[in-house]
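Read the structure below first, then the notes.
The values are calculated or read from the model by the stated rules, or taken from the named source; none is laboratory data. If you're wondering where the values come from, they're calculated on a predicted model, not measured in any experiment. Reconstructed Cβ throughout: ideal geometry from the backbone, glycine too, with neighbour counts over all protein chains shown. Each accessible area value is taken on the protein alone, full model and side chains, heavy atoms only, with ligands, DNA and RNA left out. Shrake-Rupley method; radii C 1.70, N 1.55, O 1.52, S 1.80 Å.
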Amino acid sequence: MDMLELMAWLSERGVTIVFKVDGERMVERRAAWMVIAGGGPLGEDSFFRADLATADACLDALLAHLEDKGLSPFA
């Protein structure tokens, strides 16, 4: 499952999700990729954010968080 498929799957379940790359951070060689997710079955008070060096790292972190919350697109 790629990030766009995952975003669609999550949004169908009421989760708000943002996936972004920051060009300024990229030029500065800082963690330029970010993923934010919250709401829906993650709970009102649940908010996840990861700022990492690669898109794949953000995807892996998000999938691990979803698994911890009992929400897996692979189930």
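Tabulated values for the structure
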{"quantity": "Residue under evaluation Lys20, criteria (1) open to solvent by less than 90 Å² (accessible area, probe 1.4 Å); (2) in contact with a strand residue (DSSP E or B) (Cβ under 7 Å, 6 or more places away or on another chain); (3) under 18 Å from Asp68 (Cβ atoms); (4) not hydrophobic (A, V, I, L, M, F, W, C), criterion not met", "calculated": "(3)"}
{"quantity": "Qualifying residue in segment 36-55 (condition: touching a strand residue (DSSP E or B) at 6+ places or on another chain (Cβ under 7 Å) and in contact (Cβ under 8 Å) with a residue 40 or more places away in the chain)", "calculated": "yes"}
{"quantity": "Top-ranked residue of segment 24-61 - restricted to ones that are touching a Cys at 6+ places or on another chain (Cβ under 6 Å) and under 16 Å from Asp2 (Cα atoms), ranked as least open to solvent (accessible area, probe 1.4 Å)", "calculated": "Val35"}
{"quantity": "Residue, modelled with the lowest pLDDT, within segment 1-17, restricted to residues that are of a type outside the set (Ser, Thr, Tyr) and open to solvent by 70 Å² or more (accessible area, probe 1.4 Å)", "calculated": "Met1"}
{"quantity": "Segment 64-75: number of residues that are buried (at least 16 other Cβ atoms within 10 Å of the Cβ) and closer than 21 Å to Lys20 by Cβ", "calculated": "2"}
{"quantity": "The listed residue being of a type in the set (D, E, K, R) and on the phi > 0 side of the Ramachandran plot, out of Arg29, Arg25, Arg13", "calculated": "Arg29"}
